[in-house]
Amino acid sequence: MAERTLAIIKPDAVRRNLIGEIIAQITQSGFRIIGMKLVRLSRQQAEDFYAVHRGRPFFEDLVCFMSSGPVVVLALEKERAVEDFRALIGATDPAEAAPGTIRQRFGTSKGENAIHGSDSPENAEREIAFFFSRTELLDHDV
Ligand code: IDP
Ligand code: MG
């Protein structure tokens, strides 16, 4: 059965009108979109989504940034979705991301790195549930 992962096109990329190019790269890489929404996160939602990073030096900047403008949230499906999507986006710091990866192409700093991808299948399911109800995802049982 195909695995699922969660992607967020971050506010920097939305502001720079990169939604289309980024989604094109994702779908051309074999991911199927099973859920998608354009939302602006509240400060509280950003804090909750990144709760694991609370206490880190970059936490305040991260929460501020992620709630600074609209984001596109995507639930994606593919075999080995989590691992393959992390490879597609590249390293956290765009300066260290491999050529052709989404962060290398579109990120501008370690904080403003254009896109999020879940880091494990367990976190992917948790993160998908954070943004989508079951009936907002394709192929749900009625
Ligand atoms: P990841 O997004 O590659 O999984 P994490 O370490 O989980 O990276 O960090 C979550 C997000 O927090 C990053 O994507 C980035 O936006 C931000 N971040 C992480 N480390 C730093 C840092 O050292 N400076 C500024 N922002 C950071
Ligand atoms: Mg992470």
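Criterion first (surrounded by 13 or more Cβ atoms within 10 Å (Cβ to Cβ), among the basic types (Lys, Arg) and modelled with pLDDT of 95 or more) does Arg43 satisfy it?
Criteria not met by Arg43.
Every residue in segment 53-72 that is assigned to a loop (DSSP other than H, G, I, E, B) and under 16 Å from Arg16 (Cβ atoms), please.
Those that are assigned to a loop (DSSP other than H, G, I, E, B) and under 16 Å from Arg16 (Cβ atoms): Ser68, Gly69, Pro70.
Could you count how many residues in segment 102-120 are surrounded by fewer than 20 Cβ atoms within 10 Å (Cβ to Cβ), hydroxyl-bearing (Ser, Thr, Tyr) and closer than 22 Å to Lys78 by Cβ?
Number satisfying all stated conditions: 1.
Consider Ala7 against the criteria (1) within 15 Å of ligand 1 (Cβ to nearest atom); (2) exposed (fewer than 14 other Cβ atoms within 10 Å of the Cβ); (3) closer than 14 Å to Ile89 by Cα: it satisfies all of them except one. Which criterion is unmet?
(2)
Can you name every residue in segment 101-138 that is among the hydrophobic types (A, V, I, L, M, F, W, C), farther than 20 Å from Phe59 by Cα and outside any loop (DSSP other than H, G, I, E, B)?
Ile102, Phe106, Ala124, Ile128, Ala129, Phe131
Could you figure out which of (1) in a helix (DSSP H, G or I); (2) open to solvent by 50 Å² or more (accessible area, probe 1.4 Å); (3) touching a Leu at 6+ places or on another chain (Cβ under 9 Å) isn't true of Arg86?
(3)
Return the pairs, sorted by first residue and then second, in which the second residue is hydroxyl-bearing (Ser, Thr, Tyr) and in a strand (DSSP E or B), the first residue lies in segment 22-48 and is under 15 Å from Ala81 (Cα atoms), the beta carbons are less than 9 Å apart, and the residues are 6+ apart or on different chains.
Phe31/Thr5
Counting only residues that are of a type in the set (A, V, I, L, M), more than 15 Å from the chain's Cα centre (by Cα) and more than 10 Å from ligand 1 (Cβ to nearest atom), how many does segment 90-142 have?
5
Take the residues in segment 121-142 that are of a type in the set (D, E, K, R) and open to solvent by 80 Å² or more (accessible area, probe 1.4 Å), then tell me which one is nearest to Met36 (Cα to Cα).
Out of the qualifying residues, it is Glu136.
Of the residues Phe58, Phe31, Phe65, which is within 11 Å of ligand 1 (Cβ to nearest atom) and open to solvent by less than 30 Å² (accessible area, probe 1.4 Å)?
Just a single option satisfies the conditions, and that option is Phe65.
The values are calculated or read from the model by the stated rules, or taken from the named source; none is laboratory data. The shown structure was predicted, so the numbers you read here are calculated from the model rather than taken from an experiment. So basically every Cβ, Gly included, is an ideal-geometry build from the backbone, and we count neighbours across all protein chains shown. Calculation scope for accessible area: heavy atoms of the full protein, side chains included, ligands and nucleic acids excluded. Shrake-Rupley method; radii C 1.70, N 1.55, O 1.52, S 1.80 Å.
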